[in-house]
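The values are calculated or read from the model by the stated rules, or taken from the named source; none is laboratory data. Every value quoted in this text rests on a predicted model; they were computed, and no experiment measured them. Here the Cβ positions follow ideal geometry from the backbone for every residue, glycine too, while neighbour counts run over all protein chains shown.
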Amino acid sequence: MKHVLVTGAAGFIGCNFVRHLLRQDRQCEVFSLDAMTYAGSGHNLAQLDEVHRHEFIQGNICDDLIVKRVLQEHQIDTVVHFAAESHVDRSIIDPGQFVKTNIVGTFNLLEACRAVWHGRSSVRFHHISTDEVFGSLHAQDPAFTETTPYDPSSPYSASKAASDHLVRAYARTYGLSATITNCSNNYGPYQFPEKLIPLIILNAIHGKPLPVYGDGRQVRDWLYVEDHCEAILRVLQHGKTGETYNIGGENQPTNIEIVRSICSLLDELHPQSPTTPHENLITYVTDRPGHDRRYAMNITKIRREIGWSPRHTLADGLRKTVQWYLAHLDWVAAIGAQGNYQQWVDKNYVQRGAPIEGKL
């Protein structure tokens, strides 16, 4: 692994992974490719460690000419594919963009790798996916495993399921060296403020309502982003080609528990706020259409075969996350100034309800 291409590198998990990779592997060169849509920002890749081993390239994975050029010119031997449209609410409003980026974009990457890597050894295509491809669990259902049948509920999860199938098909049909990881809900530094945890933190700081879908009893498995990055790198180093690995945080709180925990942390860490106790800001709103009730991930396989387990408890990770946002309000202001983000939030989230997902 000498020349690594990270797609979607200016997004939340992508930028965290670039940092993690540069710290952990002192020999590789990292090339970040991002289309710089509303959720990607140059601020996410500022002040990188070992910056001389990193190069940023603006481009869209749907542009096959750019993808092939990057693979060839930089002798890429490893692709870590984060680039995706990832927000469930936005997929319900505008599904076409999700089909284009998540399905067509992944196809373009696979085709480019198949052409450029023909006859090469020691290459790897790693695809980042989601637990949402498996659908929803009832209260007593066992957690998702790598063999759980796919049953996506939203245009977002359907597009990710399709991209997973494409990666497997290229591995089996063309012999492409590929691995897939399906992750649970991520949270942590640099997450775009449309997602549940940063949205609740920032709304609470500014005394805005904290909208919660339905009864707030939806259950998610929350994964601190540093743990996720560590798991991906371990799969790249030790995972078997053609295999899929689930990555989860091994906890399943309800959404309302998450919101109340954040409020409690802000009461402690931001006591000067005029709106303490912050829990008084919670507002229940109409539930999302097709809202999955519960996700849970069985991570036995990655623990047994790769030796990875999450290092952060939810309490530790939430505290770190709240502290990071309180210390980086300048980053929040810069992100909020990008494009029409605030207009989109006001129209689609503040009025309609709280986003709940935390994938890419």
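Within the range 299-320, track down each residue that is more than 19 Å from P253 (Cβ to Cβ) and touching a residue at least 12 places away in the same chain (Cβ under 8 Å).
Filtering the range 299-320 for residues more than 19 Å from P253 (Cβ to Cβ) gives 300-308.
Across the range 299-320, the qualifying residues are T300, K301, I302, E305, I306, G307, W308.
Taking the range 193-216 as the search range and keeping residues that are assigned to a loop (DSSP other than H, G, I, E, B) and over 21 Å from T286 (Cβ atoms), which one is farthest from the chain's Cα centre (by Cα)?
Quick first cut of the range 193-216, residues assigned to a loop (DSSP other than H, G, I, E, B) only: 193-195, 206-209, 214-216.
If we keep only those that are over 21 Å from T286 (Cβ atoms) too, we end up with 193, 206-207.
Working: P193: 13, H206: 25, G207: 27 Å.
Among those that are assigned to a loop (DSSP other than H, G, I, E, B) and over 21 Å from T286 (Cβ atoms), it is G207.
Going residue by residue through the range 71-88, is there one that turns out to be assigned to a helix (DSSP H, G or I), more than 27 Å from V4 (Cα to Cα), modelled with pLDDT under 95 and assigned by TED's automatic domain parsing to the domain that holds E230?
yes
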Next item on the list: Starting from residues that are acidic (D, E) and out of contact with any strand residue (DSSP E or B) (no Cβ under 6 Å at 6 or more places or on another chain), keep the ones in the range 141-185 and report whichever is modelled with the lowest pLDDT.
Entry: D141
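Hey, among the residues in the range 60-70 that are part of a helix (DSSP H, G or I) and of a type outside the set (D, E, K, R), which one's surrounded by the most Cβ atoms within 10 Å (Cβ to Cβ)? Can you show your working first?
Going residue by residue through the range 60-70, those that are part of a helix (DSSP H, G or I) are 64-70.
Those still in the list that are of a type outside the set (D, E, K, R) too: 65-67, 70.
Details: L65: 10, I66: 18, V67: 27, V70: 20.
Once the filter is applied, the top-ranked residue is V67.
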Next item on the list: Give just the number: which of (1) in a loop (DSSP other than H, G, I, E, B); (2) more than 20 Å from H228 (Cβ to Cβ) does I57 not satisfy?
Entry: (1)
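For (1) over 17 Å from the mean Cα position of the chain (by Cα); (2) of a type outside the set (G, A, S), each residue gets a yes or a no:
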{"position": "R23", "(1), (2)": "yes, yes"}
{"position": "M36", "(1), (2)": "no, yes"}
{"position": "H52", "(1), (2)": "yes, yes"}
{"position": "N60", "(1), (2)": "yes, yes"}
{"position": "H74", "(1), (2)": "yes, yes"}
{"position": "S91", "(1), (2)": "no, no"}
Item checked: Subset of the range 9-29 [of a type in the set (A, V, I, L, M), more than 24 Å from T101 (Cα to Cα) and at pLDDT below 95] -> none
Next item on the list: Specify the residue that is farthest from I232 (Cα to Cα); the eligible residues are those in the range 172-192 that are part of a loop (DSSP other than H, G, I, E, B) and in contact with a Phe, Trp or Tyr (Cβ under 8 Å, 6 or more places away or on another chain).
Entry: F192
Next item on the list: Could you list all residues from the range 235-278 that are more than 22 Å from the chain's Cα centre (by Cα), assigned to a helix (DSSP H, G or I) and either buried (at least 18 other Cβ atoms within 10 Å of the Cβ) or modelled with pLDDT under 95 (or both)?
Entry: R260, C263, L265, L266, H278
Margin query: Can you tell me which condition I200 does not meet? The list is (1) buried (at least 23 other Cβ atoms within 10 Å of the Cβ); (2) out of contact with any Cys (no Cβ under 7 Å at 6 or more places or on another chain); (3) closer than 20 Å to P310 by Cα, and all the others hold.
Written below: (3)
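Output the residue which, of all residues in the range 30-42 that are buried (at least 19 other Cβ atoms within 10 Å of the Cβ) and of a type outside the set (S, T, Y), is modelled with the lowest pLDDT. Walk me through it before giving the result.
Going residue by residue through the range 30-42, those that are buried (at least 19 other Cβ atoms within 10 Å of the Cβ) are 30-35, 39-41.
With the extra rule that they be of a type outside the set (S, T, Y), the set shrinks to 30-31, 33-35, 39-40.
Numbers: V30: 97, F31: 98, L33: 97, D34: 95, A35: 92, A39: 67, G40: 70.
The residue in question is A39.
Which of the residues belonging to the range 135-174 are basic (K, R) and surrounded by 15 or more Cβ atoms within 10 Å (Cβ to Cβ)? Spell out how you get there, then give the answer.
First, pick out the residues of the range 135-174 that are basic (K, R): 160, 168, 172.
Correct list: K160, R168.
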Next item on the list: Determine which single condition E73 fails, assuming it passes every other condition in (1) within 22 Å of S177 (Cβ to Cβ); (2) among the charged types (D, E, K, R); (3) in contact with a strand residue (DSSP E or B) (Cβ under 7 Å, 6 or more places away or on another chain).
Entry: (3)
Note to self: Quick test of your reading of the structure: G11 fulfils all but one of (1) closer than 23 Å to S159 by Cβ; (2) buried (at least 17 other Cβ atoms within 10 Å of the Cβ); (3) in contact with a Lys or Arg (Cβ under 9 Å, 6 or more places away or on another chain). Name the failing condition by number.
What the structure shows: (3)
Check: Can you name the residue in the range 44-55 that is buried (at least 18 other Cβ atoms within 10 Å of the Cβ) and of a type outside the set (A, V, I, L, M) and is also nearest to G11 (Cα to Cα) among such residues?
Finding: N44
Checklist line | Flag if R288 is crowded, with 18+ Cβ neighbours inside 10 Å and not aliphatic (A, V, I, L, M) | finding: yes
